[in-house]
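The values are calculated or read from the model by the stated rules, or taken from the named source; none is laboratory data. These numbers were taken from a predicted model, which means no experiment stands behind them. Cβ placement follows ideal geometry from the backbone for every residue including glycine, while neighbour counts extend to all protein chains displayed. Surface accessibility is based on the protein's heavy atoms, side chains included, excluding ligands, DNA and RNA. Shrake-Rupley method; radii C 1.70, N 1.55, O 1.52, S 1.80 Å.
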Amino acid sequence: MGELVVAKMRQDMSAPPIEVEDLHVRYARASVEAVQGLSFSVAPGEIVGFLGPNGAGKSSTLKTLMGFVQPSAGLCSLFGKAAGTPESRQGVGYLPEVALYYPYLTPHETLTLYGEIQGLKGSALKKETEALLEAVGVSAAMRRQNRSLSKGMLQRVGIAQSLLGNPKLLILDEVTSGLDPVGRQELRMLLKKRRDEGATLFFSSHELAEVDMLCDRILLINKGRLIEERQMDMLKDELRDYTLTYSGDAVMLGLTDDWNQVSDRTRTARFRTKENLLKGIDKVNQSGGEILDIVAQEGSLENYFIAKVGGAS
């Protein structure tokens, strides 16, 4: 019997932090199917961005993972446990799109309340509460009532609340909402530190710059369907282009259509791939020309997003 329990525990530990299979979410009153056949998984230690336009089904999916919305069909689980069960939520930190806290409590009292609900208590809870509020930049306001705090400060309180108990999985809905540039930078550092300590992060955001700097992988959905899944490093390579400035008579036909003569002996060529750039450099060298400059320009994640969403509409 003991061996069976140990085997089951090992199986649970090896299960993906998030697994979704053919998920459908329908709101009967509004006759809206918010999620239509969505399938994906998130591996341990990943930072995955969940992207899509307004109304794409992102929040519905996250709420289903947390058990706040019941799926009309399909399966979803957290660490191998059916989503919505108390067991599935153990070790999970969650930040809703709009976090509402009791206005007459302070941030310190708010985290203490949520910590006690999780079973944390005593000096350990007090120490963690104060450390988290300091980490998110709210330590100076921890004794002020929530009703006196700005939207950005309340978002920081929400982030601190989601980190209580050192969760193994963070599910964050519009995590950067209301944060200023300093707050977003501090959040990036904090989330990367949690990932380095073994946590898995799954979050939605409309701040594509944050997605670019944080994510290992992105899932792009529209009208409740998955339309693209990409590794960020490969996507960045694909979106990046290269400009070669050179002197000489090397011709770049077949490698690029963006090829211009700047002066009698100086030309520029813009390449969509690094492979074609290297071929262009070889052509310059073989023709006896001179490389004057090479510039790599990062592509626009926003343009990619708009093109993909528009193509799927």
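Things to note:
- Across segment 221-244, the qualifying residues are those that are assigned to a helix (DSSP H, G or I) and of a type in the set (A, V, I, L, M, F, W, C), and the one among them that is farthest from the chain's Cα centre (by Cα) is Leu239.
- Qualifying residue in segment 257-275 (condition: open to solvent by less than 30 Å² (accessible area, probe 1.4 Å) and β-branched (Val, Ile, Thr)): no
- Qualifying residues in segment 61-71 (those that are modelled with pLDDT of 95 or more and of a type in the set (S, T, N, Q)) - the one surrounded by the fewest Cβ atoms within 10 Å (Cβ to Cβ): Thr64
- Complete set of residues in segment 87-110 that are without any contact (Cβ under 8 Å) to a residue 24 or more places away in the chain and either in a strand (DSSP E or B) or under 22 Å from Gly137 (Cα atoms) (or both): Val98, Leu100, Glu109
- Glu46 being touching a strand residue (DSSP E or B) at 6+ places or on another chain (Cβ under 7 Å), of a type in the set (D, E, K, R), closer than 16 Å to Pro167 by Cα and surrounded by 15 or more Cβ atoms within 10 Å (Cβ to Cβ): yes
- Filtering Gly84, Gly137, Gly165 for residues that are part of a loop (DSSP other than H, G, I, E, B), touching a Lys or Arg at 6+ places or on another chain (Cβ under 8 Å) and small (Gly, Ala, Ser) leaves a single hit, Gly137.
- Of all residues in segment 245-303, those being touching a residue at least 12 places away in the same chain (Cβ under 8 Å), of a type in the set (Asp, Glu) and either farther than 29 Å from Leu208 by Cβ or in a strand (DSSP E or B) (or both) number 4.
- If the condition is being part of a helix (DSSP H, G or I) and among the charged types (D, E, K, R), then segment 140-162 contributes Arg147, Lys151, Arg156.
- Any hit, segment 67-77, residues being within 25 Å of Leu190 (Cβ to Cβ) and either assigned to a helix (DSSP H, G or I) or touching an Asp or Glu at 6+ places or on another chain (Cβ under 8 Å) (or both): no
- Residues that are modelled with pLDDT of 80 or more and open to solvent by less than 90 Å² (accessible area, probe 1.4 Å), drawn from segment 1-30: Ala15, Pro16, Pro17, Ile18, Glu19, Val20, Asp22, Leu23, His24, Val25, Tyr27, Ala28
- Test: Gly80 is surrounded by fewer than 17 Cβ atoms within 10 Å (Cβ to Cβ), modelled with pLDDT of 90 or more and not acidic (Asp, Glu): yes
- Flag for Arg188 being open to solvent by 40 Å² or more (accessible area, probe 1.4 Å) and either polar (S, T, N, Q) or in a helix (DSSP H, G or I) (or both): no
- Among the residues listed as Gly122, Gly165, the single one being in contact with a strand residue (DSSP E or B) (Cβ under 9 Å, 6 or more places away or on another chain), surrounded by fewer than 19 Cβ atoms within 10 Å (Cβ to Cβ), over 30 Å from Ile306 (Cβ atoms) and small (Gly, Ala, Ser): Gly165
- Positions within segment 79-103 being touching a Ser or Thr at 6+ places or on another chain (Cβ under 8 Å) and among the charged types (D, E, K, R), in sequence order: Lys81, Glu97
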